[in-house]
Structure formats: C-alpha cells, structure tokens
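Written below as structure tokens is the structure these notes are about.
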Amino acid sequence: MSEPIVSSARSRPEAIQAIPLRHPWRWIAAVLVLALAAAALYTFAAAPGLDWRVVGQYLFFPQVLHGVLVTLELTAIAMAIGVALGALLAVMRLSPNPVVSTVSWFYIWFFRGTPVLVQLFFWYNLALILPHLSIGIPFTHIEWIGTTNQIISPFLAAILGLGLNEAAYMSEVVRAGIISVEQGQTEAAQALGMTRMRVMRRIVLPQAMRVILPPTGNETISMLKTSSLAYITTVNELFYVTTQISNANFSIVELLIVASIWYLAMTSLLTFGQYYLERYFARGASRQLPPTPLQRFRRLLFHFHDPPPVGPFEPLATSASHHDDRVM
Amino acid sequence: MATPMVLAEGVHKSFGRLEVLRGINLAVAPREVLCIVGPSGSGKSTFLRCINHLEKIDAGRLSVDGELVGYRQHGDKIYELPDREVCRKRAEIGMVFQRFNLFPHMTSLQNIMEAPMRVKGEPQKEVEQRGRALLARVGLADKVDVYPNQLSGGQQQRVAIARALAMQPKLMLFDEPTSALDPELVGDVLDVMRGLAQDGMTMVVVTHEMGFAREVGDSLVFMDGGVIVESGNPRDVLANPQHERTRSFLSKVL
Ligand SMILES: Nc1ncnc2c1ncn2[C@@H]1O[C@H](COP(=O)(O)OP(=O)(O)OP(=O)(O)O)[C@@H](O)[C@H]1O
Ligand SMILES: [Mg+2]
C-alpha cells in the first residue's frame, strides 16, 4: 500500500517497453496472396497471343493521345453540365413551389430511369425526327435555323447524352448535401439579415460541400469511364480511337490494354485531386486535417509499427475517408 | 412615453392545428431588459422568432421600434413585405440561439464579419476592426482565427453574441443562451450579457437563469400555454408569485 499506483505529475512512470506480439499468420497470408496475384498477372502478361510491343507502340500514338484529350474534355464538360444543372434541379426539388419541384422530380425520374447508352443514341439520331432546329424569339422575325446534323455534332451529342444524364444523379447528391446542413444554420443566417439566395450561397452550400464532394468525385471517375459509351456517337474519344485502330490492325487486346492504361492513369490522377479538394472543404469540420497521401506514405515507411491514427484523424465519417483508403 | 422597442398586441400563432401563442400582449421600452420564463413548450422560442419574422404571426399586431414586423400598413390595409425588406429589418435585430449556430466553415472573425460586410456592405477594414474589438470585449481576443469546433460551448456562445453585435442591432433576442452549456461556462456568457445590459442594449431574454433575471432584468413575464400568466418586476414575481401556475413552475426551477 506504500507505493501509489497513480503517480503524481512530477514522477512520470517509465514508458512500457514490451516485446511486440508476433503475428505469424499475417505473414503467411501476405505471402499466399502475393503469390496468387503474381501467378495471375504472369498468366496474362506472358499470354502467347499478346504482343506487348504493340502496346508500347500505340501507347503514345498521336491519335491515342488526342483521344485521351477528348475523353478528358468530354468528362469535364459533361460533369460541369451535370453539377450546374444538378444543383439547379436540387434547389428546384426543395422549392416550396409544387410545380417547380414536380418538374425537377420528373426530370430525375426520366433521366435516371433510362440507360445512358440509349440517351446517347437518341441525341445522336435526333436528326431522324427533327431534321431542322431553330431558335427564335416569339412574335419577332429573329430566328436561327440549321439542320440538326450541323448543330448536333457527334461531340455535342455525347455532351448532351452524358451531361443531361449526369445532372439527374448530381441533383440527388446535391440535395442530400443541402439537407445535411442543420436548420439552425439557415436560421442564424436569416436572423443576420441574409436573403435566401445569400444563405444558400454563403452558408448552406459551402457546408453541403463536405457531403457533396466525395460522391461527386466518384461520379467524375465514373463519368470518365462512362464517356467511353460515347463511342457510338463516333466522337473521337479514347475508346473510339483505340477500337478504330484495332479494327484496322486486329490487335484487339493490345489496344484494349492501351485504353485501360490511360483510363487508369486518368482515374488515379482524379482520385489524387479529389483528396486535396476534400481536405480543403473539411476545414472547420475536423480539429485536425487528415494526412496527405505523402504524409501517409512516410508514415508507412518510417512508423510502420505505430498504431494507426484514430479519432481526430478520421474527420469525414461519411464515405469520404472510406474510398480514400481504398485508392490511396 | 417613447415608442416601445417591441410592442405585441394579441399576438397569435398556430402550427397547423396547434395553437402555440394565444394572445400575447407586452411592451418592451428602449434600454429595457425583459426576461421570459416558462415551462417547455409554452411558446417562448416561438414568440421570440416572431419578433424577427422567422415565424409569421396569424393574428394580432407585432411591431419593432414602431414598425410592423413583416408587414406594411397603408390606410387600413396591410401588405406583406417583400423578402428584401424583411431581411433589412432582421439585420437590425440581433439573435442568439441556444445551440450557438456559428458557421462552422468560418473562423470566429469571419463569422463576425460575414453579415456586416455582405448584408450591410460595410468596408472590410472597418468591420475587421470592430470584429476584433468585439471579440476582445467578450474575452476572446486570442481566438480570432479559430474555427468554432475548436472552441468550448461558452466561447462559441460569446462569439455568437459578438456576431450579433457586429450588426450594431437596436434590439437583441436571446433564446436560452446558456441552456446548452456546462454549469461552469454559464457565468462567462451571463457576464457578457450583463455588460450589454449595462451599456443600455434593449434585450429580450428567454432564460432559466432566475438569478440573472432577478439581477439584470427590468421586467419578467411568465408564459404558459401560449399566454402570459404573470408579469412584473422580476424581484417581485420571483419572490412573491401571484398565480398558482407560476408558483408551481418556480418551485421546480428555483
Ligand atoms: N415549426 C414548428 N412546427 C410545428 N410545431 C412547432 C414548431 N415550432 C414549435 N412548435 C411547437 O410549438 C410549441 C411551442 O414551442 P416553443 O419552441 O415556442 O416552446 P418553448 O417555450 O421555447 O419551449 P422550450 O423551453 O422547450 O424551448 C411546442 O409544442 C412545439 O412543439
Ligand atoms: Mg425554446
């Protein structure tokens, strides 16, 4: 009873220096998994019908590089339309005006309920039902007319198909974000004299971003891949270009690999960008920002045996941190 | 008598079929501190929210500084005010909430500067100076660039008070500003409010802090079931309640 168990602040007890527990099964499992993966990889890599030189030859082919560019362009523009129109649809959906919210509901119902491929084909074939398009101001003689085939180029058909469809999905993402912001925030902002618009722009949306951003990142990555469906509109995106090439030289799988390498490179880049964007919008939401991928990597190298960070390091209890872990 | 800062005459408010306010009559003079007490669900918050038109009243008259809240009278007709006008009037009334409601994506100073700059369009330099001075006044000069989640509840509430004061309001509404706080943090917030009262701010305070009501309040009303049951000088009402309902309520909270 003479030795106090809880020592005073002055005499800090010695740090525990225990011999770490061994985990033999972890090592066995790791080796087994690695061996299986290596075997699978080797089977494909050394497949007799696969000519890696063709892959190397076409990887930086000018047409392929241009295809990569078009894919990025398609993704960027379609997502821009998706986010902008989606935000509008979300605000409409939450409008107190029943007509406005119903219109939004129908839009989402229609565009989510039909396959993108069908929608893309529809825009591509618009000329069949509407040979001419005209935009005019009613009761005046001001009017622009053009044949549909002139106006709706393959690129525009792809943009419309992908963008309008995406808006339906994005509107649900944005709506979930808006709803996630506490009602008290709106009240406090209104009590300060802010108009509805300003409350939305300055207070609600910035906070909604934390909820909106992770799924938007997923949507963007998904869009990058979905944009390959636009090959049916004969737009020169990556997948269309590689299929065209393989149609000519019959190196089908080699060119699929070329396309895959590029898609992987692009999605990896996006994941990286998404991470930093989420960090930015997490400010104020967590006491400590999550480590950057670089910091994580260092941790892995130099502090392998430290316990993994818990608590404050996991700021976005939403899906954010989850798929970060998956890819980083 | 000068124009009352707040004048309520027969104010009624229902949510659907639930009648929450059933004829509230009261007047708050400029520089007066009115405390509202009453059991949960008696309509205290609702009344406070009516004063800055966060809720629309159904019947009666409610005016702030001589002007109807949310409406404009022209002859014997009453017109609803456009959104912009309502906002302009809200900007003159500060409100402090039970759950602070600071904007989590902004630092203390940004929280304070947002409305003066963007609603009133005041120059940034001036607003920043005022903001820093206000933070110093509520004892948080060292928390200027800190986000709300790094502050204790009591500190958050003091930033929220500073945020409301930055708009230079003529009236401050407090809705149970200390109810969400740990007991040892309540004092700091009440001190700030006491200082405000001494500086002559007109205040309507919904509170369960009877000590504060007795000491700082100029008048006190006891609400129950959407009506004012009893009102008067806080010391008198608290020491010597006239109505049975007031007595039983006070015996529970005192
Ligand atoms: N937006 C609303 N919709 C429907 N009912 C509401 C709404 N706001 C308040 N009420 C109801 O009105 C009544 C009075 O609510 P109020 O918040 O004014 O009470 P209170 O006196 O502030 O109570 P407390 O001390 O618990 O804060 C309650 O029965 C509440 O359920
Ligand atoms: Mg209340």
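Matching residues to (1) out of contact with any Leu (no Cβ under 7 Å at 6 or more places or on another chain); (2) under 22 Å from residue A:182 (Cβ atoms); (3) away from ligand 1 (no atom under 16 Å from the Cβ):
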position	(1), (2), (3)
B:4	yes, no, yes
B:10	yes, no, yes
B:14	yes, no, no
B:26	yes, no, no
B:57	yes, no, no
B:65	yes, no, yes
B:78	yes, no, yes
B:94	no, yes, yes
B:101	yes, yes, no
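Looking only at region B:108-118, count every residue that is more than 8 Å from every other protein chain (Cβ to nearest Cβ) and open to solvent by less than 30 Å² (accessible area, probe 1.4 Å) and tell me the total.
From region B:108-118, those more than 8 Å from every other protein chain (Cβ to nearest Cβ) are B:108-113, B:116-117; that's our starting set.
Those left that are additionally open to solvent by less than 30 Å² (accessible area, probe 1.4 Å): B:108-109, B:111-113, B:116.
Count: 6.
In this structure, does residue B:59 turn out to be in contact with a Phe, Trp or Tyr (Cβ under 9 Å, 6 or more places away or on another chain) and over 24 Å from residue B:115 (Cα atoms)? Step through it out loud before you land on a result.
On the way: in contact with a Phe, Trp or Tyr (Cβ under 9 Å, 6 or more places away or on another chain): no; over 24 Å from residue B:115 (Cα atoms): yes.
Against the criterion (in contact with a Phe, Trp or Tyr (Cβ under 9 Å, 6 or more places away or on another chain) and over 24 Å from residue B:115 (Cα atoms)), residue B:59 does not qualify.
Only one of the numbered conditions (1) at pLDDT below 75; (2) in contact with a Phe, Trp or Tyr (Cβ under 8 Å, 6 or more places away or on another chain) is not met by residue A:233, and that is (1). Close contacts from region A:189-207, counting a first residue that is over 10 Å from residue A:178 (Cα atoms) and within 7 Å of chain B (Cβ to nearest Cβ) and a second that is aliphatic (A, V, I, L, M) and open to solvent by 60 Å² or more (accessible area, probe 1.4 Å), with Cβ to Cβ under 6 Å and a gap of 6+ residues or different chains, come to none at all. Among the conditions (1) more than 13 Å from chain A (Cβ to nearest Cβ); (2) farther than 22 Å from residue B:6 by Cα, residue B:156 misses just one, which is (1). Residue B:146 fulfils the conditions (1) in contact with a strand residue (DSSP E or B) (Cβ under 8 Å, 6 or more places away or on another chain); (2) not in a helix (DSSP H, G or I) except for a single criterion, (1).
For the condition away from ligand 2 (no atom under 16 Å from the Cβ), within 17 Å of the chain's Cα centre (by Cα) and at pLDDT 95 or above, residue B:93 qualifies. Residues that are touching a residue at least 40 places away in the same chain (Cβ under 8 Å) and within 8 Å of ligand 1 (Cβ to nearest atom) within region B:35-47 comprise B:38, B:39, B:42, B:43, B:44, B:45, B:47, listed in sequence order.
Report yes if some residue within region B:103-124 is touching a helix residue (DSSP H, G or I) at 6+ places or on another chain (Cβ under 9 Å), touching a residue at least 60 places away in the same chain (Cβ under 8 Å) and of a type in the set (Gly, Ala, Ser); otherwise report no. No: region B:103-124 contains no residue that is touching a helix residue (DSSP H, G or I) at 6+ places or on another chain (Cβ under 9 Å), touching a residue at least 60 places away in the same chain (Cβ under 8 Å) and of a type in the set (Gly, Ala, Ser).
The set of residues from region B:85-103 being out of contact with any Asp or Glu (no Cβ under 9 Å at 6 or more places or on another chain), more than 15 Å from residue B:52 (Cβ to Cβ) and at the interface with chain A (Cβ under 8 Å from one of its Cβ atoms) comprises just one member, B:102.
Looking at this structure, is residue A:131 over 26 Å from residue A:82 (Cα atoms) and open to solvent by 60 Å² or more (accessible area, probe 1.4 Å)? Against the criterion (over 26 Å from residue A:82 (Cα atoms) and open to solvent by 60 Å² or more (accessible area, probe 1.4 Å)), residue A:131 qualifies. For region B:193-216, the set of residues classified as more than 15 Å from ligand 1 (Cβ to nearest atom), in contact with a Leu (Cβ under 7 Å, 6 or more places away or on another chain) and not β-branched (Val, Ile, Thr) consists of B:203, B:212, B:214, listed by residue number. Just one of the listed residues (B:238, B:250, B:190) is more than 16 Å from ligand 1 (Cβ to nearest atom), touching a helix residue (DSSP H, G or I) at 6+ places or on another chain (Cβ under 7 Å), over 25 Å from residue A:191 (Cα atoms) and away from every other protein chain (no Cβ under 14 Å), and it is B:238. Restricting to region B:218-254, and then to whatever is hydroxyl-bearing (Ser, Thr, Tyr) and closer than 22 Å to residue B:50 by Cα, can you tell me which residue is surrounded by the fewest Cβ atoms within 10 Å (Cβ to Cβ)? Within region B:218-254, the match that is surrounded by the fewest Cβ atoms within 10 Å (Cβ to Cβ) is B:231. Under the condition of being at pLDDT below 90 and surrounded by fewer than 16 Cβ atoms within 10 Å (Cβ to Cβ), which residue from region A:256-282 is farthest from the chain's Cα centre (by Cα)? My answer is A:280.
Just one of the numbered conditions (1) in contact with a His (Cβ under 8 Å, 6 or more places away or on another chain); (2) surrounded by fewer than 15 Cβ atoms within 10 Å (Cβ to Cβ); (3) within 14 Å of chain A (Cβ to nearest Cβ) is not true of residue B:121: (1). Please determine whether any residue of region B:200-217 is open to solvent by less than 70 Å² (accessible area, probe 1.4 Å), within 16 Å of ligand 2 (Cβ to nearest atom) and aromatic (Phe, Trp, Tyr). No: zero hits.
Just to verify a result, which residue in region A:110-161, among those that are under 26 Å from residue A:71 (Cβ atoms) and part of a loop (DSSP other than H, G, I, E, B), is modelled with the lowest pLDDT?
Restricting attention to region A:110-161, the residues satisfying the condition of being under 26 Å from residue A:71 (Cβ atoms) are A:111-112, A:114-127, A:148-161.
Narrowing further to those that are part of a loop (DSSP other than H, G, I, E, B): A:114-115, A:125, A:152-153.
On the way: A:114: 94, A:115: 95, A:125: 89, A:152: 79, A:153: 86.
Among them, the one singled out is A:152.
Got a number for residues in region A:154-188 being farther than 21 Å from residue B:93 by Cα, within 14 Å of another protein chain (Cβ to nearest Cβ) and not polar (S, T, N, Q)? Steps first, answer last, please.
Of all residues in region A:154-188, those farther than 21 Å from residue B:93 by Cα come to A:154-182.
Then drop every residue that is not within 14 Å of another protein chain (Cβ to nearest Cβ), which leaves A:177, A:180-182.
After this cut, where a residue has to be not polar (S, T, N, Q) as well, the list is A:177, A:181-182.
Residues that pass the stated criteria total 3.
Under the condition of being without any contact (Cβ under 8 Å) to a residue 40 or more places away in the chain and open to solvent by 40 Å² or more (accessible area, probe 1.4 Å), the residues counted in region B:57-88 number 16. With respect to (1) within 22 Å of residue B:187 (Cβ to Cβ); (2) polar (S, T, N, Q); (3) within 22 Å of the chain's Cα centre (by Cα), the lone exception for residue B:111 is condition (1). The set of residues in region B:154-177 that are open to solvent by 10 Å² or more (accessible area, probe 1.4 Å) and within 16 Å of ligand 1 (Cβ to nearest atom) comprises B:175, B:176.
The values are calculated or read from the model by the stated rules, or taken from the named source; none is laboratory data. Here the structure is a predicted model, which is why all the values come from computation and not from measurement. Glycine gets a Cβ as well: all are built from the backbone with ideal geometry, and neighbour counts include every protein chain shown. We work out accessible area using only protein heavy atoms, side chains counted, and drop any ligands, DNA or RNA first. Shrake-Rupley method; radii C 1.70, N 1.55, O 1.52, S 1.80 Å.
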